[in-house]
Structures are given as C-alpha cells and as structure tokens.
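Written below as structure tokens is the structure these notes are about.
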Amino acid sequence: METLKIAIQKGGRLSDKSIEVLKDCGFELNLGHNKLKANVPNSNVEILFLRDDDIPKYVENGVAQLGIVGENVLLEEKRDINTVAKLGFGKCRMSLAIPRGENYTGISYFSGKRIATSYGEILKTYLSQQGIEASIHDISGSVEIAPGIGLADGIMDIVSTGSTLAMNGLKEVETILKSEAVLVANKSLSNEHNEFLEQLLFRIKAVKEGKN
Ligand code: PRT
Ligand code: ZN
C-alpha cells in the first residue's frame, strides 16, 4: 500500500484520545523526536500532528488521507470531505452566552447586538436561520472575556462543563449545536486506501462495542 497519512491534533484536547483510538485499533505509534510526524512500525501508516483547524484542509487536498477532528471545526471550515465515523470523545456543545445579570428574552435578544466568537461561519449561518441581524466579532482566543471588557454583548463558544462561562460571569442561553470528534476521509481515496479505511472502520466499531 502507498503510504497512508492520518492527521490528528497536535498538543490539544483531542490529541491523547486520538492516539488512543489508533492504538486500540492496533496502531502503535513510534513517537520519536519528530513532533510533526510519527510512524507506525511495520506498516505504511504515518501520523501527522497538526493544528485542528488545518486538518479539514489537508484531508481535502490529500496531504493526509484520513483525519480526526471535532465536528465544530468541520462545520466552520466547510471543506469537501467525508465524515466516516463518530468517535465518541471530545464531546461539547456550541452555545450563545450573555452576562449573568441580563434578562434573556429569547433569540430576538441578540438583534443589533455584538457577539464575539471564533466560529464566525457557524454563528452567521445560525443567526440567518433564526432571522437575527447581529454583528459578529471574530476573535481567535479568550472569547469569554469579550463581554467583560466591553468588546461584545454576548459570545458564542464551545461549552463543556460550563465552568468557564460561570467564571467569566456569563450564562448560557441558547445551544446552537452539539459536537464530538469524528474520523474524516479524503473524497478520492485509492482502492488500497479505501480498503484500509474499511478495515479501520471495522476495528473502530469492534473497539466501541468492546468498551460498551
Ligand atoms: O492548537 P489548536 O488549534 O489545534 O487547538 P484549539 O485551541 O483550537 O482546540 P482545543 O485543543 O482547545 O480543542 C480541540 C477540540 O476539542 C475542539 O475543536 C472541540 O471539538 C473539542 N472540545 C471539547 C473542546 C472542549 N470540549 C472545550 N471545553 N474545545 C474547547 N473547549 C474550551 C472552550 O473553548 C472554553 O474555553 O473549554 C472552555 C469551556 O470548557 P468548560 O468545561 O469550562 O465549559
Ligand atoms: Zn484550533
């Protein structure tokens, strides 16, 4: 088989679990000194460590054949790739939140308001579906502090336990979508790579059932 590359997140929330999924499927990674790549001994499989935001693009253009990434990133990036399995980890939701003391009156509350987010595309789509006109402030990190420093009236961000919102004096008022880590694949895999993917999916399913 020609080398098959699997892109996973480097040094983030999905990294350990992504490595675990691959190990559970029988791929022991040789994590040497190279922090961008790892080999799987006795196979033509290579693991690429990337920023999660870059994974959809690299799977689309064939730098990697497969990848593991959060559905939230896929929805934001809108790349032409296949989602082939849900992996059951990295679960979170994307929600709108406003300062705790505010009186929330429903989605129309956001009309004419400024909303800070790192997920401008997802938010834009959601607001237009809801018929709400608001101004979206795209910022890349620490979205939760935006209302406190007067940069925005509300935020749209990833929430898991809710403690980050609470710490910043915010309350969750709408859930926009739910997300978990998924396996994605390039749309034009060679026959060999497709066969590999079929086997991998079979193993992922077996591991999942074993863990249940
Ligand atoms: O460097 P790189 O770009 O690769 O990483 P990143 O900083 O963009 O992403 P990272 O590692 O933070 O998250 C990777 C993926 O994990 C996300 O795209 C989600 O799919 C998933 N995930 C699951 C989460 C969370 N849970 C999560 N809680 N991603 C981020 N958070 C953050 C959130 O942004 C907020 O700041 O955690 C905070 C909220 O957590 P709670 O528990 O306080 O509600
Ligand atoms: Zn990222």
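No lab work stands behind these numbers, since they all come straight from the coordinates. Since the structure is predicted, the reported quantities are computational estimates derived from the model, not experimental observations. Here the Cβ is made from the backbone with ideal geometry for all residues, glycine too, and neighbour counts use every protein chain on show.
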Give the whole-number value, in cubic angstrom per residue, of the convex hull volume spanned by the C-alpha atoms of segment 1-103. 128 Å³
For the chain, find the longest principal axis of its Cα atoms and tell me its angle to the long axis of helix 120-130, 0 to 90°, nearest 10. 60 degrees
Go ahead and run the numbers for FRET between LEU151 and LYS91, Cβ-Cβ distance against an R0 of 22 Å, rounding to 0.05. 0.15
Given the alpha-carbon gyration tensor of segment 147-191, what are the semi-axes of its equivalent ellipsoid in whole angstrom, ordered largest first, with each equal to the square root of 5 times an eigenvalue? 35, 13, 9
Gap separating the Cα centres of segment 160-186 and segment 32-101, nearest whole Å: 17 Å
Compute a Gaussian network model of the chain, connecting alpha carbons closer than 10 Å, and tell me which residue from GLU144, GLU121, GLU195 fluctuates the most. GLU195
Go ahead and estimate [θ] at 222 nm for the chain from helices alone: -39,500 (n - 2.57) per DSSP H run with n ≥ 4, summed, over the residue count, rounded to 500. -8500 deg cm²/dmol
Convex hull volume per residue in cubic angstrom - Cα atoms of segment 113-173: 80 Å³
Holding the Cα-Cα limit at 32 Å, pick out from LYS37/LYS171; LYS23/LYS178; LYS17/LYS187; LYS5/LYS113; LYS35/LYS113; LYS10/LYS211 the pairs that are longer than that. LYS37/LYS171; LYS5/LYS113; LYS35/LYS113
Taking the chain as the reference, fit the longest principal axis to its C-alpha atoms, fit the long axis of helix 15-24 to the helix C-alpha atoms, and give the angle between the two in degrees, 0 to 90, nearest 10. 30 degrees
Local net charge near LYS113, Cβ-Cβ under 12 Å (Lys/Arg +1, Asp/Glu -1): -2
Placing +1 on the Cβ of each Lys and Arg and -1 on the Cβ of each Asp and Glu in the chain, which of SER160, VAL184, LEU75 has its Cα farthest towards the positive end of the resulting dipole? SER160
Mind checking the dipole of the chain: about its Cα centre, +1 per Lys or Arg Cβ, -1 per Asp or Glu Cβ, Debye to the nearest 20? 340 debye
Expressed in nm to one decimal, what extension gain is obtained for the pair ILE132 and ARG51 from 0.36 nm per residue of sequence separation less their Cα-Cα distance? 26.0 nm
Given 10 °C and 1.306 mPa s, how large is the Stokes-Einstein diffusion coefficient of segment 38-154 in µm²/s, with Rh as the Kirkwood radius over Cα pairs? 95 µm²/s
Going by alpha carbons, how many degrees (0 to 90, nearest 10) lie between the helix axis of 191-211 and the longest principal axis of the chain? 70 degrees
Take the chain, connect every pair of alpha-carbon atoms lying under 10 Å apart with a spring to form a Gaussian network, then pick out the residue of GLY154, GLY162, GLY62 with the largest mean-square fluctuation. GLY162
Using a Gaussian network model of the chain with C-alpha springs under 10 Å, which one of ILE98, ILE139, ILE81 is most mobile by mean-square fluctuation? ILE139
Dipole check, segment 23-182, charges on Cβ (K,R +1; D,E -1), about Cα centroid: among HIS137, VAL40, LEU123 the Cα furthest to the positive pole belongs to VAL40
For the chain, max minus min Cα coordinate along each principal axis, in Å, sorted largest first? 60, 34, 31
